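The values are calculated or read from the model by the stated rules, or taken from the named source; none is laboratory data. The structure displayed is predicted, hence computed values, not measured ones. Here the Cβ is made from the backbone with ideal geometry for all residues, glycine too, and neighbour counts use every protein chain on show.
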Amino acid sequence: MRKFFAVVKREYVQRVRTKMFIFVTILAPLVISLFAIVPAFIFSLRAGGPIKIAVVDETGSIYQRITDPLLKDRNQAEEEPAGDNANVLNANNRSPGRVPDKFTDTRFELELIPLNGRSIEQLRSELNQRVRAEDLDGYLILPAKLIQGQSPEFFGRNTGDVFTKEHLESVINRAVREERLATANIDVKVVRELSQPVDLRAFKVSERGEERDSGEGFIMVFAAGFVIYLTILMYGQIILGAVIEEKETRIAEILFSSLKPFTLMVGKLIGISLVALTQLGVWGLVLAVFAAIAAPELSIRIPSIAPIVFVYFALFFLLGYFIYATIYALVGSMVTTAQEGGQLAMPIILLLVIGFYLAFPVIQSPDSSLAFWVSMVPFFAPITMLVRIVTLTPPFWQIALSLFIGFGTVMLLIWIAARVYRTGMLMYGKRASIPEVWRWVRQS
Amino acid sequence: MINTNPSVKLDHVSKRFGEFYAVSDLSLEARPGRIYGLLGPNGAGKTTTLRMIVNITAPDSGSIELFGRQITSQMQDRIGYLPEERGLYKKMKIGEQLGFFAELKNVASKGMDERIDKWLARLKLSEWKNQKAMALSKGMQQKIQFITAILHEPDLLILDEPFSGLDPVNVELMKEIVLDLKSAGRTIIFSTHQMEVAEKICDDICLINRSRKVFEGSLREIKQSFGRNSVALRIEGGDGILKDPALVSFIKQHSDEVEVLLAPGASAQDLLERLVASGVSVSKFEMIEPRLNDIFIEKVSEAE
């Protein structure tokens, strides 16, 4: 036992002390929060000056209706009391599938081009020149029969700017509808009231009563699955590297002259699992502190999690870790270099990725038979069963069965891997073939 | 107080990998207080034999006894092994590394640090204790690996090509330690394919070739029984005498001297008398022992 603990201690202490470990442990939460903040920040940046657009208005009435919403800051426009700003019809503002407002927060400069008896073709060639000269970013033609359904046309330098295009479209839409209502003598205010959008509020019913769930639940499930996926992948690679190091540097032979290969392999797996748990523990603590201190300040709601979920998280993490780490150890003892190991490990990663993607159908219907079966397959269970537990906790016997099958598989894998490891670690110079490996497993 | 019962005893041991026999029907005995040379060309089966003695692999047939009892994995704590293929953890500090290997041999934690310091000092590596292994030269790493093999004061020390790649100063340093351990009554098994090295250090030898034992015995006996007389000569003239088949059976020309193998029945005395009688000036006349290498070549060709 002393030898086993010596191996566990070495793996743990040598890894936890590295700068890389400290760096990743401390920085990962920071990086993750940066990933949440930075994209929003970048999208809010306005590159360059306002977009200059010339408008040719053949209807004679729409231009007035589009100037206000285009020239005013959108957010400001929305906050203005409805009565003061009767021209703006915001009914369409929250239609599903629209890009959030902050992404289309673009400033415009408008210029009305009077027709003055010229033909559209004349005006267009004139405006085209101004666009080419970069005097204008584009121009809009509102045809005379716009209200009757003729399409407006936009000519611009950068038609790839979908945000601007969509913004213009929605503003013209609104203006046209407004104009039509005005023609039909319907009060804009009435329409506004009638077309008030609904906001579907979702509540989660659990043992703990009803709880408002407006997306945080999904994020939690997704985050849990993702953390498991990523940590298993990361620590699997660490195991692979550690085994290959001992083989490549021929330390294995000295080690095997002092302890049993099985003791060494299991000691290594457990030592590195403790490193992973330390890291996850630190992250969990950071999350808890964040939830307790920062979240109320920032009015971010963190959904309450039953303590048992943390226990399940740890159990299923360990299950996934031992399944994949054992396979990685087996692969490491078969190959001669890290590159070869990377190639041979590809199918394992694929298995893990499949497990990760299976989380999506499982989130949608956590009590379906698909969800049941994939959460019983040991290679997928760590992610899929955890997702089921967080979304719609299955009966306890299912969780227990999944863990039972999983840890049974771990035992079998360790038994196989130990046999391959014992021989593979002392074989230098060439990669072991599958028939060879099979022979090592069968012989006593 | 030297115990003369064999501390290592192999009895008709065989090991094969698939169809390939790495060791066939090998029997040998190594005794305490002596250095036992396991010799043979590359691929003869030396490393496989050593791995079986260290209990890394098990023989397919035959038995291995250590210290008078059937081999068990607990006995590994009494063995020090310096394999031919050896390494260190590149990113681990030397001191910690030695501590780890000692723990794997069940060395008590108390006094372990003093023990590490003592050996680092003896091998002139004290200032490297807190350095990572990758900062050390290859020769220094080899000395560290040597320490891992002896730190737990093993009763049986197994060294596989321990001097390869070392400079002469360090070879002397290590040899001195090995001889100390020998006089302290430890059993030392020394494996090499360099016959000249083995000749200088071993008490007993076992030559193996193509998985089989060619012969075994004490070095002195082997050389004596190999009744072959060679003389190294530096002479002027006398070519006719050396060509006499009744006197000389084989001549080997070196840069400034000749080596002759005396014909059966002829003695060195006869040759010297003939040379002096015919007025040849002799500046060197030296009897040379049969070299292990020559013995090996002859034995192997005999066996085939």
(request) Look at region A:311-365 and say how many of its residues are part of a helix (DSSP H, G or I) and within 27 Å of residue A:437 (Cα to Cα). (result) 34
(request) Test residue A:151 against the stated conditions and say whether it is assigned to a loop (DSSP other than H, G, I, E, B) and either assigned by TED's automatic domain parsing to the domain that holds residue A:65 or buried (at least 17 other Cβ atoms within 10 Å of the Cβ) (or both). (result) yes
(message) If I ask for residues that are among the hydroxyl-bearing types (Ser, Thr, Tyr) and assigned to a helix (DSSP H, G or I), which ones from region A:2-30 would you list?
(response) A:12, A:25
(request) Among the residues of region A:428-444, write down those that are within 14 Å of chain B (Cβ to nearest Cβ) and over 25 Å from residue A:321 (Cβ atoms). (result) A:428, A:429, A:430, A:433, A:435, A:436, A:438, A:439, A:442, A:443, A:444
(message) Residues that are surrounded by fewer than 18 Cβ atoms within 10 Å (Cβ to Cβ), touching a Ser or Thr at 6+ places or on another chain (Cβ under 9 Å) and free of Cβ contacts under 8 Å to residues at least 60 places away in the same chain: does region B:213-221 have at least one?
(response) yes
(request) Mind counting the residues in region A:398-444 that are assigned to a helix (DSSP H, G or I), over 38 Å from the mean Cα position of the chain (by Cα) and either more than 14 Å from residue A:262 (Cβ to Cβ) or not aromatic (Phe, Trp, Tyr) (or both)? (result) 11
(request) Can you tell me which residue among A:126, A:134, A:153 is among the charged types (D, E, K, R), touching a Pro at 6+ places or on another chain (Cβ under 9 Å) and under 20 Å from residue A:51 (Cα atoms)? (result) A:153
(message) Looking at the structure I just gave you, is residue A:425 of a type in the set (A, V, I, L, M) and within 14 Å of chain B (Cβ to nearest Cβ)?
(response) yes
(request) Would you kindly identify the helices (runs of 4 or more DSSP H) lying entirely within region B:41-131 that contain at least 3 residues that are facing chain A (nearest Cβ under 10 Å)? (result) B:46-53, B:94-103
(request) Find the residue count for region A:374-389, including only residues that are polar (S, T, N, Q) and either under 12 Å from residue A:323 (Cα atoms) or out of contact with any Leu (no Cβ under 7 Å at 6 or more places or on another chain) (or both). (result) 1
(message) Checking the condition over 36 Å from the mean Cα position of the chain (by Cα) and either within 30 Å of residue B:11 (Cβ to Cβ) or touching a residue at least 40 places away in the same chain (Cβ under 8 Å) (or both), which residue from B:281, B:301, B:230 passes?
(response) B:281
(request) Just one of (1) at pLDDT 80 or above; (2) away from chain B (no Cβ under 14 Å); (3) surrounded by 14 or more Cβ atoms within 10 Å (Cβ to Cβ) trips up residue A:230, so point out which. (result) (3)
(message) Among the numbered criteria (1) more than 17 Å from residue B:78 (Cα to Cα); (2) free of Cβ contacts under 8 Å to residues at least 24 places away in the same chain, which one does residue B:103 miss?
(response) (1)
(message) Taking the conditions exactly as written (away from chain A (no Cβ under 14 Å), within 30 Å of residue B:295 (Cα to Cα) and of a type outside the set (Phe, Trp, Tyr)), does residue B:174 satisfy them or not?
(response) yes
(message) modelled with pLDDT under 75 and in a helix (DSSP H, G or I): is that true of residue A:217 in this structure?
(response) yes
(request) For region A:249-271, name all the residues that are facing chain B (nearest Cβ under 8 Å) and touching a residue at least 60 places away in the same chain (Cβ under 8 Å). (result) A:250, A:253, A:256, A:258, A:259
(request) Among the numbered conditions (1) exposed (fewer than 15 other Cβ atoms within 10 Å of the Cβ); (2) of a type in the set (S, T, N, Q); (3) modelled with pLDDT of 90 or more, tell me where residue B:187 comes up short. (result) (1)
(request) Scan region A:352-365 and give yes if some residue there is within 22 Å of residue A:244 (Cα to Cα), crowded, with 16+ Cβ neighbours inside 10 Å and within 22 Å of the chain's Cα centre (by Cα), otherwise no. (result) yes
(request) Being at pLDDT 80 or above and of a type in the set (Ser, Thr, Tyr) is the filter; apply it to region B:267-304 and report the residue that is farthest from residue B:201 (Cα to Cα). (result) B:278
